[in-house]
Structures are given as structure tokens and as C-alpha cells.
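The values are calculated or read from the model by the stated rules, or taken from the named source; none is laboratory data. Since this is a predicted model, take the numbers as computed values, not measurements. Every residue, glycine among them, receives a Cβ derived from its backbone with ideal geometry; neighbour counts consider all protein chains shown. In case anyone asks, the SASA skips ligands and DNA or RNA and just uses the protein heavy atoms, side chains included. Shrake-Rupley method; radii C 1.70, N 1.55, O 1.52, S 1.80 Å.
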Amino acid sequence: MTKRDYYEVLGVGKDASEADIKKAYRRLAMKLHPDRNAGDTKTEAEFKDVKEAYEVLSDAQKRATYDQFGHAGLDAQAGGGRGGPGFNPGDAFGDIFGDVFGDIFGGGGRRGRSTVFRGADLRYELSLTLEQAVFGDTVNLQLPTLVACTTCEGSGAKPGTKPVTCRTCEGNGQVRMTRGHFSIQQPCPSCRGSGQQIEQPCSSCQGRGRMQKNKTLAVKVPPGVDNGDRIRLSGEGEAGQNGGPSGDLYVEIHIQPHEIFQRDGADLSCVIPISFATAVLGGTVEVPTLGGEVALKIPPETQSGRAFRLRGKGVRPVRGSGPGDLYCRVEVETPVKLTAAQKKILESFNEALLAGGDRHRPRSQSWLDGVRRFFAKVGS
């Protein structure tokens, strides 16, 4: 009897992707499985054809052979036909659900004998000063974490003994459960998916294979990190189980408030108090930067709140090119605790300003004009 074209059996084109082939196989297997069509020999035969087609087209090497030489090439390569006496529809159905649920249970279906588990990732909040974040640093962390037991080397068994094959699942790590028309696999309740049981537990870890321990890690903080940045330390998380890999450690950066500077990305800002005389007459003030003090020239008649930009005096970000800028906002400081003589001088000075008219107070005059216009609108 002539075999049907495998692509035709699955209902896909010859250019179908691996995902398309898998999707078509799942759909047809669910529809044609003998558990759902009891006693229907025709459907069972169709199911076998679908299984055979999928086994070929899901294998890149076999698919290439089939595309080039057809069924004859496969027969010559395998030394005979497929789907013979050893064929078990239940295994095919188990493949479907193993693919779907394998990642959830951590086992990968019936393919693995012992289920391994990757260790959990850990997160640590690292508080840094602004200087540490800007210039970089190496910080030692004390971390409580789960590590492989040194007594049993992670096996969970007493030294000199070994875990034995689970009698419930016979080492598969999974058991099959049938519910109505569906047959699914789930982790073995006896060995919790490991495929092995420990008859003589290790006294140090009580058979868990892991134990809690405080470890010290030296974390290198690169220059320019900012709030919310994360440093990933591969393999420094919790130890895995049953030989699984360790998780990762994510160090999240939090920068402490600074007494002088505020940071906004690559830029810094600060407030510089200046005297009334400096604001009026101009002068030079010393401004702190992360690289040392610099002289900032204050022009005459500077108003309170004016910002001055110092290029390149900010932060060089961890991702980026040049450094940001430093913005210095000046605030005119009001004198306090004046003597009687000082107050008299100020009163005389104020009288002289008033005598000079509005030219000495441009902002006050414009503000008063705005107030008059506002009340004029309200009264109209």
C-alpha cells in the first residue's frame, strides 16, 4: 500500500516551520487519539499515520532525507518501515502533554529520568553614596542563601550511601493519570519529580541537599550607576536541586540623598547661597563639584533663583558618552540678627532706592502692574 505524503497527512505545506508542524500534530492527535474514538479502527490507523508523519517532519535530519528521497530514503536509512508492533498510542499522547506541562513541573515530560531544578534568583538592595555611584566602588555583601550541602555534596543522602530509584515512578520522576479521555503526566508524589528517594538522609541537611549559609560576595560597582540599575551576578543565587544550576543574584542600586547635590540622570544640581551685596555688585563664589571646588563668576544685578550651568561637571553615566552638567541655582541670603547701625544703613539705602523710582525695582513694578490689571478685570 502506497504511503501518503507526510505533509498531506499533517495538513501543512512543505515550507511549514517547526512550530507549524508541532501545532498541526497536536491538533490532529487530540482529535484522532484512540481514547476518544474507542473501537474505531479507521481513526486509529489515521492516528498512526499522524504519529509517523510527525516523527519524521519534526526531526531536521529525517525531514531533509524525506524531502530529497521520499519514503524510500527513510526506509533505506532506518532499515524498514515505521509504526510497527512497538507503536504505543499512549506514548504519543504522553508526548503532547509532556511538551505542554513539562516546563511547568520542571521535568520536560517522559524524556528525563531525574527532574532537576534551577536554584531561585535572589535580589539584594544595595545602598550607595552618591560618590560611590559616580566613581564606582567594590562593596562586600553578607548574604544568607541556600548552598549545596558540603557533607553530602548536594545528594541529600548520608555519606557512604546513595539515593535509590523511586519505586512509585520507577525513576521516571512522573506518573501518568487518566481522567476521562485525557491522559496527563504529573510529578511523582513519592519523590517529588526527582526520580529518586533517599533512604538514609544526610544529618547535616536532613536530606534536602542544601543548607542555609551566610556568604560574603565582593560586588564591583561600575562608575556612573543610577537609582534602579541592576547588577547581575550569574550563579550567585540559591543552589539548584538534583544537580540543577544555581540561580542568579540581582543587586539593585539605591543612591542615598546627598547633602549638597541632587542627581537627575547624568546631570547634577545644587543651591548656592550668595550675599545681597554679591547679587547686586557681582563677584566670585567657590562652588563644590565632585572633582573639587571651582570659581563661579556672579554677574552684577543677579536675581535670586537664577541657574548657572557648569558644563561637564556632572556624572559620566554607566551607559553613554560624555559627562553631564552641574546646574548651580543661586539664592540671595537675607541677612539676620542685624545691629542697630546695620539696620539704620539699610533704612537709608532703602530710602535712596525709593527716591530713584522704578528703575531700581523692575520686577516689583511689573508685578504691581499685573496686580492692577487683575483687579481691573475682576471689577469690570
> Taking only pairs six or more apart or across chains, which ones have beta-carbon atoms under 6 Å, a first residue in segment 135-151 that is under 19 Å from L122 (Cα atoms) and free of Cβ contacts under 8 Å to residues at least 12 places away in the same chain, and a second residue that is assigned to a strand (DSSP E or B) and open to solvent by less than 60 Å² (accessible area, probe 1.4 Å)?
Replying inline: none
> Can you tell me which residue in segment 129-143 is farthest from G314 (Cα to Cα), limited to those that are in a strand (DSSP E or B) and within 21 Å of the chain's Cα centre (by Cα)?
Replying inline: L143
> Which of the residues that make up segment 1-43 are assigned to a helix (DSSP H, G or I), more than 26 Å from Q68 (Cα to Cα) and open to solvent by 70 Å² or more (accessible area, probe 1.4 Å)?
Replying inline: R27, K31, D35, R36, T41, K42
>> I want to confirm something. Restricting to segment 232-282 and keeping residues that are free of Cβ contacts under 8 Å to residues at least 40 places away in the same chain, open to solvent by less than 50 Å² (accessible area, probe 1.4 Å) and under 26 Å from the mean Cα position of the chain (by Cα), which single residue is farthest from N350 (Cα to Cα)?
In response: G235
>> If I filter segment 44-58 down to residues being of a type in the set (D, E) and modelled with pLDDT of 85 or more, which single residue comes out as least open to solvent (accessible area, probe 1.4 Å)?
In response: E52
> Picking from G209, G193, G224, which residue would you name as being out of contact with any strand residue (DSSP E or B) (no Cβ under 9 Å at 6 or more places or on another chain) and surrounded by 12 or more Cβ atoms within 10 Å (Cβ to Cβ)?
Replying inline: G224
> Is it the case that R311 is in contact (Cβ under 8 Å) with a residue 40 or more places away in the chain and either within 27 Å of T129 (Cα to Cα) or of a type in the set (D, E, K, R) (or both)?
Replying inline: no
